[in-house]
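After the structure tokens below, expect a handful of questions from me.
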């Protein structure tokens with residue numbers, strides 16, 4: 001095993017790879033895992049193991065897909081949209097999971113309503129709320145955090 005200190009985004013980083021290596025990247029934030037995939041393909045490494053995270057830490061404003069399907073589909077996820085997987089609850093009881101699902105449903109409903117009313121075409125980040133406020137229902141969720149000015153409809 002050999003460790004090399006350097007800048008993974010520097011063009012010279014590609015020189016570290018050869019076709020007899022198994023590349024490993026744990027906690028590969030943002031574009032780090034994308035860069036490793038690109039080097040793996042370019043250098044024809046026989047194996048790669050990676051654990052991407054912090055998807056929103058991309059260098060550009062949007063995620064650039066690597067697959068032909070993603071490119072053809074015009075996939076362009078914003079940094080806000082890339083944060084969504086990081087909000088997944090992996091640990092915690094059923095109550096925590098139910099609250100998380102309800103909050104995500106409300107957030108998606110808020111986003112859909114904003115688009116339907118022509119208020120925004122982009123995903124709008126929503127401030128955190130106390131989980132106890134979820135019990136008040138979707139309409140109450142809409143008016144948390146000063147959003148009441150957004151919705152003037154009956």
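Using only DSSP helix segments of four residues or longer, with each worth -39500 (n - 2.57), what per-residue ellipticity at 222 nm results for the chain after dividing by its residue count and rounding to 500?
Helices in the chain give a 222 nm mean residue ellipticity of -9500 deg cm²/dmol.
How would you rank 1, 104, going from fewest to most other Cβ atoms within 10 Å of each one's own Cβ? Walk me through the numbers before you get to the answer.
Details: 1 3, 104 14.
Least to most surrounded, the residues fall as 1, 104.
How high is the relative contact order of the chain, in percent, with contacts defined as C-alpha pairs under 8 Å that are six or more residues apart?
14 percent
Taking only Cα atoms, what is the 0 to 90° angle, nearest 10, from helix 94-116's long axis to the longest principal axis of the chain?
Tilt relative to the chain: about 80 degrees.
Residue 47 versus residue 133, label points 7 Å from Cα toward the beta carbon: distance in nm?
Spacing of the two 7 Å Cα→Cβ label points: 4.9 nm.
How much length, in nm to one decimal, is gained on full extension between residue 111 and residue 71, taken as 0.36 nm per residue of separation minus their Cα-Cα distance?
11.9 nm
When a/c reaches 1.5 or more, the comparison of a/b and b/c decides; with that in mind, is the stretch 19-61 rounded, prolate or oblate per its Cα gyration tensor?
oblate
Using only the Cα atoms, what convex hull volume per residue in Å³ does the chain have?
164 Å³
Subtracting the Cα-Cα distance from 0.36 nm times the residue separation, let me have the gained length for residue 140 to residue 59 in nm, one decimal.
The span from residue 140 to residue 59 would gain 25.5 nm if fully extended.
Relative to the longest principal axis of the C-alpha atoms of the chain, give the angle of the C-alpha long axis of helix 31-43, reported between 0 and 90° and rounded to the nearest 10°.
It works out to around 30 degrees.
Just so you know, all these numbers are worked out from the coordinates, no wet-lab data involved. The model shown is predicted, which means the values in this text are computed figures rather than measured ones. Cβ atoms come from the backbone with ideal geometry, glycine included; neighbour counts cover every protein chain shown.
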